[in-house]
Amino acid sequence: MNTTDIIGTIGVSLILIAYFLNIFSLIKKDGNLFYILNIFGGAIACFSSYLIRFWPFVILEGTWAVISVVALLKSIKKPQD
């Protein structure tokens, strides 16, 4: 396993951890932790895909991270009930 594989594995693992925690109701799907795990996971996986020049996943993971940033910002700005 080379460095790029390790970086990609970390990124994808963060996304999968967020998904697992959400599915088993350990975190909320609209909670900040869920968004943060997806932001870092997507960004790291995007970087790994960039390093190997695999453009479809650069776009996919980059979009994943950007959408998660937008969702986090919306969550932070939302008034607490």
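Filtered by the rule that a residue be exposed (fewer than 13 other Cβ atoms within 10 Å of the Cβ) and of a type in the set (S, T, N, Q), region 1-46 gives ASN2, THR3, SER25. Answer yes if at least one residue in region 45-62 is over 30 Å from PRO79 (Cα atoms), in contact (Cβ under 8 Å) with a residue 12 or more places away in the chain, in contact with a helix residue (DSSP H, G or I) (Cβ under 7 Å, 6 or more places away or on another chain) and not in a helix (DSSP H, G or I), and no otherwise. Scanning region 45-62 turns up at least one residue that is over 30 Å from PRO79 (Cα atoms), in contact (Cβ under 8 Å) with a residue 12 or more places away in the chain, in contact with a helix residue (DSSP H, G or I) (Cβ under 7 Å, 6 or more places away or on another chain) and not in a helix (DSSP H, G or I). Look at (1) outside any helix (DSSP H, G or I); (2) touching a Leu at 6+ places or on another chain (Cβ under 7 Å); (3) not basic (Lys, Arg) and you find that LEU37 fails only one, number (1). Here LEU73 passes the criteria (1) part of a helix (DSSP H, G or I); (2) under 26 Å from ILE6 (Cα atoms) except the one numbered (2).
Every read-out reported here was derived from the displayed coordinates using simple, explicitly stated rules and does not represent laboratory data. For clarity, every value in this text was computed on a predicted model and none was experimentally measured. No Cβ is skipped: glycine too gets one built from the backbone with ideal geometry, and neighbour counts run over all protein chains shown.
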